[in-house]
4 protein chains.
Amino acid sequence: MSLIRGFGSDNHAEVHPDIFNSMLQANQGHAHSYGFDENTEAVEKKIKDLFGISHSNNLASTSSYFVYNGTAANILALKACLESFNSVICSDIAHINVDECGGPEVYGGFKLIPVKSKNGKISLEDIKTQFVRKGDQHFSQVKVVSLTQPTELGTCYSLKEIKEICDWAHQNKLYVHIDGARFANACVYLKSSFSEMTTHLGVDVISFGGTKNGLLAGEIVIFINPQLGNNFKYFRKQFGQLPSKSRFIAAQFQAYFDNNLWHQIASHSLKMAKYLEEKLSSFSEIKIIYPVESNSVFVLFPKIHIKELKNSKFFYIWDELTFSARLMLSWDSKPSDVDEFIEKMISLGIK
Amino acid sequence: MSLIRGFGSDNHAEVHPDIFNSMLQANQGHAHSYGFDENTEAVEKKIKDLFGISHSNNLASTSSYFVYNGTAANILALKACLESFNSVICSDIAHINVDECGGPEVYGGFKLIPVKSKNGKISLEDIKTQFVRKGDQHFSQVKVVSLTQPTELGTCYSLKEIKEICDWAHQNKLYVHIDGARFANACVYLKSSFSEMTTHLGVDVISFGGTKNGLLAGEIVIFINPQLGNNFKYFRKQFGQLPSKSRFIAAQFQAYFDNNLWHQIASHSLKMAKYLEEKLSSFSEIKIIYPVESNSVFVLFPKIHIKELKNSKFFYIWDELTFSARLMLSWDSKPSDVDEFIEKMISLGIK
Amino acid sequence: MSLIRGFGSDNHAEVHPDIFNSMLQANQGHAHSYGFDENTEAVEKKIKDLFGISHSNNLASTSSYFVYNGTAANILALKACLESFNSVICSDIAHINVDECGGPEVYGGFKLIPVKSKNGKISLEDIKTQFVRKGDQHFSQVKVVSLTQPTELGTCYSLKEIKEICDWAHQNKLYVHIDGARFANACVYLKSSFSEMTTHLGVDVISFGGTKNGLLAGEIVIFINPQLGNNFKYFRKQFGQLPSKSRFIAAQFQAYFDNNLWHQIASHSLKMAKYLEEKLSSFSEIKIIYPVESNSVFVLFPKIHIKELKNSKFFYIWDELTFSARLMLSWDSKPSDVDEFIEKMISLGIK
Amino acid sequence: MSLIRGFGSDNHAEVHPDIFNSMLQANQGHAHSYGFDENTEAVEKKIKDLFGISHSNNLASTSSYFVYNGTAANILALKACLESFNSVICSDIAHINVDECGGPEVYGGFKLIPVKSKNGKISLEDIKTQFVRKGDQHFSQVKVVSLTQPTELGTCYSLKEIKEICDWAHQNKLYVHIDGARFANACVYLKSSFSEMTTHLGVDVISFGGTKNGLLAGEIVIFINPQLGNNFKYFRKQFGQLPSKSRFIAAQFQAYFDNNLWHQIASHSLKMAKYLEEKLSSFSEIKIIYPVESNSVFVLFPKIHIKELKNSKFFYIWDELTFSARLMLSWDSKPSDVDEFIEKMISLGIK
């Protein structure tokens, strides 16, 4: 079905031209498949630099692995940390809990323990209440805390919050996973480098997203904790996530990391989101529900106008009970997209 | 690691320029994600035409589904036909049995019953011996026969062989699956259309390959039997195989199907394989092991020369016990590749 | 480790002598294994009578299946209702959610959606809030509501509550499962027959418990809805739950059902629980937390006395955060057990 | 359905009276559930003695675990040795391959590699041919060799054969598992103690059977290799195999091990099998197919007489293609059973 340009998803946006060009350049001559090509090796090195992972201290020769999409990245990253009798504490609205169709439980083969979120985040205090019954054979043993950064509601954990959760987790022999489908957006909002928001804080493994940040397709599972991921190549392969023509995923990330394109993309998306927020905040009849800390704005519109607004600039209704709307900005959003939407609101008589 | 141009794999080849261009053209403006874009819908229609699937007789609105790679296509296609207490009869050298790291069993959640192959194929006679113990609760109940066409050894089942297996299978309420990672090659070799080799014979579901035939990445699970695949969207999503920016996989297949590009690619690969076969057959010291019926040639070289030959034009040793070699041709293979390899053989004194 | 007689669990109790004798009587001569013996067939018929299941309207020849324990009964009963992309709404304190070590997710292969319970029960109102996103491929599709009757806290859903949940579920094409590990206790408390609390209300499948009600070991998965369970024999076998010497599980249930032994056992347990409740209620320093509606009493004791009380009559601390205690009565509990415990409390100075 | 006394299965036999009495004696007073009772602890100690397992060198406090049946014992024992990307080499007729309804693959979550058997056994030479592609991410990595002792055809591996397989396996960092559903029978035939046939040879883990040897129900997973089994309690629980009233399984094994009852039962069964073999060998029209080395005799009867013979003394047709019959002897078989069967053969005119 045809789509009206709008605020539907960063998945609706075009692939960034620099990223496309990088794939074109990689398309010259033969290359080894399944990750043994030069582009992939270059990205693996780059990742170690960006995340401050020692080039020698990883027990496995590799610490980063391409996969095709975010659901697979999450399932595999978590599976690598867990036995079948383990569980993962996550937010009740975590992508792994409500947007992966049960894949984590069914294919990851572990249990999720959802914790009630506030503004998309879960608190250390609430996490602690779920860490019970250690050694009790009747109870799935907690082993991982999974955080989404930025959260599904566009908010960000502060570095301090992540650090406190990591410290507590490690004291209790738990791992910390970050679902970073839009990770660069959090880094830009918090003015943090990749390593400052992960390795320096003690994060053990991250699902690092590319597709929602201007790539055609590509995510990376990055094991920061050198104890993890040593047999990951087998897990990835048997889960159907080993890319054969790996050089083309690599080429995308080469462009994404080169010249700080990642920063440029995320900065623009954030700027557009803040611009939209600013414009919306002048309407008394609409309500911005959560702090705007990355590239999305969650809004309560007057219900009678939702249909026409969606027809003007497409967006999704986030919650079928409250009718809250998610407006997502991306690298190719333009100020005119916002301006035209605001004009539509005015023309509808929204105040 | 850097790769010497050669006969390593059709995965080592470049993406065909027409396919790349098609992706570029699709990269204009916003598009719906997760398969609801116009490119995807166009391919779904095209598939129905090519496979002779009625546009109305499928219980599901969709009969074809993109996935990222061949292992996933196989696991999901089979899972859609099976309950956990079912098993699949396949060749002992089937990709699903020896090249998917146990994924079919572990993630498909079913049992494989390998049958000894001859020239890569399994016979109906041998298949029948495994169809036993119907209704016996102790025995995983056979439900699918899976054939690879062309086989992993580059040979092809005749249309008659497939028909007989389909007829017998349906008489016994079994399904027939085709692993068609290089399906177009078989169609060209046997001078058959897609529908003539599947729908007309009674094939129920096929893993239709793109990546090994000039695409960047993309496979299609096609349900020909309208009883199958009705809940496939959920299976695909939870297995991490729902492409977000689906338009780009679609665009690749649009180019692949348009102007019979698929036929041109497969014809060229086959022609190159036959050319290599012809050249090799003049050497008395080397042995061509299997009939050359698609884009691969399996060869026994004098062991002492294997290393130097591989350094000249890369190829894989297929069997670590017999040292048989697989030489794979692709859309970008050139007569000069063959000629240079033959010259190398002569220079090594191979007769 | 040696155990002091007390209120630890109905699993701590002896096997009822009538049940033991029935096994002894079954131990005469050869009998078919795997469920084809005469004792098993007799119980299958008895179950149909007791639950008001038509002897002819079940599509499968069988509607009840023995398994070894309650965790297996729950996992298998639910698996039989579900595809891998389905989920089960249950109470946050349901046995399937917190006492089966993740088995339902990992081995059942589905998702649980826990709902906050009140006095161990979940309300239809709260259940409805979780029935969302129908047809959305990203979301595990709700298919079953699972109720524990009596609940893990010893309370009972009224017949009306169950009926309303069943009616709503069926309107929405969902199934209702009952975890009935102590089902007879609820029937006695609510003065209901088995059929009145299941078949008459619309319950689709029940995990019917024996072990906690005086048996040595044995549970039954009973499919009341004739659409369910048709391939259950295979699921049971491959999950390692097909009893070889089935006659001995059957013999236990024969005794349990004969002469209303089940009623006698449950009545005694309930009477003892009410006697304990009555005695405890005279102490101002202790608090009975939940209504006593089956064979357990949940109590807050003064913390400083817990250890000595446990040494006097063993019981379990239920919640490691609140130190609430569960006192469980069984068919072999005696008034003197209660009296001695109360005397101990008095001797400790509890008021 | 009613059963004619015969040679159907050791599962058709009565529970041995000593074993029944032991359960009765255990049924006195309260006992801890889930394995923390005194009977269970006594058996755990006894097992260590019988298998020559150091009472201190096991990293886990426990090395033996009760489960309900043999299929579960095998699945769990193997799962404890494996990651999901591992495979198990076994015989093509192994119980795990053809009599557990796909449970090992589906619930164990690993791959089986069946090897053609001769007289029920697989040779080290043939095992070695399957140990290929080490480190290849596309190939499920072999990790365990599973042997059935005695085999499904009633034959026995010699101690030397087991030793050689263990030695080779350990050199290659593989484990050796024994499916010992009828293990005592092999020990008696080979005049070996439990430890001499396992620990002394290097066996890592055994599924030790009770049910087919006179128990009501009960098997033990015994980890001899102290590196294995440390988290087994969780695996067992989540698979629905943690016995609540564990004391009664323990009591059965107490009787089984006391006064060498196990030896007495196995010796009698073997003696009866040899007696049947001797009697059958005088008929020229019937053929004994495999060496009789435990409690079963496999026979080819004249096809026209099979039905009447089965009606005389029940037995199973083992192979629906060849009509070979399995005649199974047990602790309660009598010489008169054999004599009456032979008389029937004579009366039918079999020569």
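Condition check for D:Asn57 on (1) part of a loop (DSSP other than H, G, I, E, B); (2) modelled with pLDDT of 95 or more: one failure, at (2).
Restricting the first residue to segment A:194-221 and requiring it to be more than 14 Å from chain B (Cβ to nearest Cβ), which pairs with a second residue that is surrounded by fewer than 24 Cβ atoms within 10 Å (Cβ to Cβ) and acidic (Asp, Glu) meet a Cβ separation below 9 Å and a spacing of at least six or different chains? Filtered contacts from segment A:194-221: A:Ser195/A:Asp49; A:Leu201/A:Asp167; A:Gly202/A:Asp167.
Of all residues in segment C:14-30, exactly one satisfies the criterion of being at pLDDT below 95 and among the small types (Gly, Ala, Ser), namely C:Gly29.
Kindly check whether there is at least one residue in segment B:65-80 that is more than 19 Å from the chain's Cα centre (by Cα) and open to solvent by 10 Å² or more (accessible area, probe 1.4 Å). No, there is no match, as no residue in segment B:65-80 is more than 19 Å from the chain's Cα centre (by Cα) and open to solvent by 10 Å² or more (accessible area, probe 1.4 Å).
For segment A:128-147, taking the residues that are in contact (Cβ under 8 Å) with a residue 40 or more places away in the chain and within 14 Å of chain C (Cβ to nearest Cβ), the one that is surrounded by the fewest Cβ atoms within 10 Å (Cβ to Cβ) is identified as A:Lys128.
For A:Ile222, the test of being closer than 30 Å to B:Lys212 by Cβ and hydrophobic (A, V, I, L, M, F, W, C) is passed.
Criterion first (surrounded by 24 or more Cβ atoms within 10 Å (Cβ to Cβ) and either part of a helix (DSSP H, G or I) or away from chain B (no Cβ under 14 Å) (or both)) does D:Thr155 satisfy it? No, not satisfied. Looking at B:Pro114, B:Pro150, just one residue is touching a helix residue (DSSP H, G or I) at 6+ places or on another chain (Cβ under 6 Å), modelled with pLDDT of 95 or more and within 14 Å of chain D (Cβ to nearest Cβ), and that residue is B:Pro114. Of the residues making up segment B:222-251, those that are among the polar types (S, T, N, Q), within 30 Å of B:Glu164 (Cα to Cα) and within 14 Å of chain A (Cβ to nearest Cβ) number 1. For segment A:1-25, a residue qualifies if it is open to solvent by 20 Å² or more (accessible area, probe 1.4 Å), within 7 Å of another protein chain (Cβ to nearest Cβ) and not polar (S, T, N, Q), and the qualifying residues are A:Met1, A:Leu3, A:Arg5, A:Glu14, A:Leu24. Residues that are among the hydrophobic types (A, V, I, L, M, F, W, C), out of contact with any Ser or Thr (no Cβ under 8 Å at 6 or more places or on another chain) and open to solvent by 20 Å² or more (accessible area, probe 1.4 Å) within segment B:168-200 comprise just one, B:Trp168. Can you pull out the residues in segment B:76-109 that are within 7 Å of another protein chain (Cβ to nearest Cβ) and in contact with an Asp or Glu (Cβ under 7 Å, 6 or more places away or on another chain)? Matches in segment B:76-109: B:Glu105 only. Comparison of B:Gly109, B:Gly103, B:Gly120 shows that the only residue that is open to solvent by less than 30 Å² (accessible area, probe 1.4 Å), under 19 Å from the mean Cα position of the chain (by Cα) and on the phi > 0 side of the Ramachandran plot is B:Gly120. Residue count for segment C:201-216 under the criterion of being open to solvent by less than 10 Å² (accessible area, probe 1.4 Å) and in a loop (DSSP other than H, G, I, E, B): the result is 5.
Could you tell me whether any residue of segment D:26-41 is within 12 Å of chain C (Cβ to nearest Cβ), of a type in the set (S, T, N, Q), within 24 Å of D:Lys233 (Cα to Cα) and open to solvent by less than 20 Å² (accessible area, probe 1.4 Å)? Yes, the conditions are met somewhere in segment D:26-41.
Could you go through segment B:81-89 and let me know if any residue there is touching a residue at least 24 places away in the same chain (Cβ under 8 Å), surrounded by 19 or more Cβ atoms within 10 Å (Cβ to Cβ) and touching a Cys at 6+ places or on another chain (Cβ under 8 Å). The answer is yes, given that some residue of segment B:81-89 is touching a residue at least 24 places away in the same chain (Cβ under 8 Å), surrounded by 19 or more Cβ atoms within 10 Å (Cβ to Cβ) and touching a Cys at 6+ places or on another chain (Cβ under 8 Å).
The values are calculated or read from the model by the stated rules, or taken from the named source; none is laboratory data. Bear in mind that the values here come from a model prediction, so they are computed numbers and not experimental data. Quick reminder, even Gly has a Cβ in these numbers, built from the backbone with ideal geometry, and neighbours come from all protein chains shown. Ligands, DNA and RNA are stripped out before the accessible areas are found, and what is left, the full protein with its side chains, is counted by its heavy atoms. Shrake-Rupley method; radii C 1.70, N 1.55, O 1.52, S 1.80 Å.
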